[in-house]
Amino acid sequence: MMRARVLGAGVAGLCVAQELVVRNCKVTVFDPAPGPGPHGCSWWAGGMLAPFCEGESAEEPVVRLGQQAADWWERRGVAVTRRGTLVVTPSRDRRELDRFERRVSGSRRLDAAELAALEPDLGGRFDRALHVAAEAHLDPRAALIQLRRSLEQAGVDFVAEAGLPQGLTFDCRGLAARDALATLRGVKGEMAVLRSADLRLTRPVRLLHPRFPLYIVPRGDGLFMLGATQIESDDRRRSVRSVLELLSAAYALHPAFGEAEVVEIGADARPAFPDNLPRLVRRGDTIHVNGLFRHGFLLAPALARMAAEAACTDARPEFWHEDHD
């Protein structure tokens with residue numbers, strides 16, 4: 001039985017551990033935190049499994065590999081909601097919707113009546129929209145907790161400090177791995193969790209805006225995750241400007257957000273390489289699994305599968321980099 005250790009228990013590390021377990025590896029996960037929480041970048045993810053919408057700006061592998069994510073999470077017992085994604089824009093920015101439609105496959109244009117039929121609370125607010133029906137979303141916090149629980153049940157050990165290497169090491173530490181990956185950079189995202197008793201949305205909504213595009217993801221029980229900013233920085237402090245723009249964009253989507261309760265405001269710093277694509281970097285007995293950018297829950301399953309296959313079969317998968325320095 002192959003022994004492996006995984007450094008980091010964020011979404012990348014947990015997915016790698018899962019793929020190793022199904023290949024009958026003995027796995028130990030090292031992470032200083034006792035469990036998933038606000039200390040981790042993955043905790044603040046939106047949870048959108050939206051490969052087609054991401055194709056508006058992302059490279060082709062994100063669209064292709066991201067289509068595997070919803071099925072992967074469901075097989076791990078995570079609740080996945082498959083109601084697609086809505087994309088809207090104010091009438092004055094209609095060209096943004098036209099541009100988005102040209103760049104995204106699998107979308108269907110809706111008129112005002114069709115939009116109201118899908119999401120009644122948005123009826124009368126937008127004269128047209130796009131519906132990308134093949135997309136899904138999940139609650140990332142619940143997904144992290146469920147995946148960790150299932151790994152513990154499968155016999156994976158979670159320990160706070162990395163001991164001496166035993167077998168192959170999978171380094172999934174995100175930005176903490178910059179000591180080994182010189183080109184890794186941080187991209188900050190700021191987000192808010194709001195609670196509204198007056199608004200019902202059943203699927204993620206993207207509000208296109210030239211200055212501050214917004215996504216809103218329903219979490220159930222009146223909770224909504226809002227995200228928008230993408231700043232070239234690894235500083236996790238929250239700025240007044242970004243929070244104001246985030247909340248203003250939510251109000252532009254629907255005035256009911258003006259009366260919503262602010263439950264949380266947070267920020268994360270997501271690890272990315274210069275091309276915003278992930279990498280598997282092999283250095284001796286260590287495979288670095290990193291650079292998921294803003295596609296953590298979307299691409300981590302595929303990247304984890306590639307990493308595990310490379311370790312178990314000597315395959316050289318997509319995103320593979322052999323470093324002999």
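Throughout, read-outs are computed from the coordinates displayed, never taken from laboratory work. Since this is a predicted model, take the numbers as computed values, not measurements. As a convention, Cβ positions derive from the backbone with ideal geometry for all residues, glycine included, and neighbour counts pool all protein chains shown.
Helix 94-103 against the longest principal axis of the chain: what's the angle in degrees, Cα atoms only, rounded to the nearest 10? Between helix and principal axis, roughly 40 degrees. Since only Phe170, Pro255, Pro274 are under comparison, the one whose Cα sits farthest along the positive direction of the charge dipole of the chain, derived from C-beta charges on Lys, Arg, Asp and Glu, is Pro255.
Could you give the dipole magnitude of the chain about its Cα centre, charging the beta-carbon of Lys and Arg +1 and that of Asp and Glu -1, in debye to the nearest 20?
On the way: 43 positive and 43 negative charges, 47 e Å.
Roughly 220 debye, rounded to the nearest 20.
Rounded to the nearest whole angstrom, the semi-axes of the ellipsoid equivalent to segment 127-285, taken from the Cα gyration tensor as √(5λ), stand at 34, 20, 15, largest first.
Taking the charge dipole of the chain about its Cα centre, with +1 at Lys and Arg Cβ atoms and -1 at Asp and Glu Cβ atoms, the residue from Pro38, Phe52, Leu184 reaching farthest to the positive side is Phe52.
Its DSSP H runs of at least 4 residues, each contributing -39,500 (n - 2.57), put the calculated 222 nm mean residue ellipticity of the chain at -8500 deg cm²/dmol, to the nearest 500.
Axis of helix 296-313 versus longest Cα principal axis of the chain: the two differ by about 20°, to the nearest ten degrees. Run through the DSSP bridge list for the chain and note the antiparallel percent, rounded to the nearest 5. Rounded to the nearest five, the antiparallel share is 65 percent. If a/c stays under 1.5 just call it rounded; otherwise compare a/b with b/c (prolate if a/b is bigger, oblate if not). Do that for segment 141-212, with a ≥ b ≥ c from the square roots of the Cα gyration tensor eigenvalues. Note, shape of segment 141-212 comes out oblate. Of the residues Phe100, Ala17, Ile265, the one whose Cα sits farthest towards the positive end of the charge dipole of the chain is Phe100 (charges of +1 on Lys and Arg Cβ, -1 on Asp and Glu Cβ, taken about the Cα centre).
Relative to the dominant Cα principal axis of the chain, helix 11-21 is inclined by about 50°. Using Cβ point charges alone (K and R +1, D and E -1), the dipole size of segment 241-288 about the Cα centre works out to roughly 440 debye. For the listed peptides 255-264, 123-132, a ranking on the average number of other beta carbons within 10 Å per residue, highest first, reads 123-132, 255-264.
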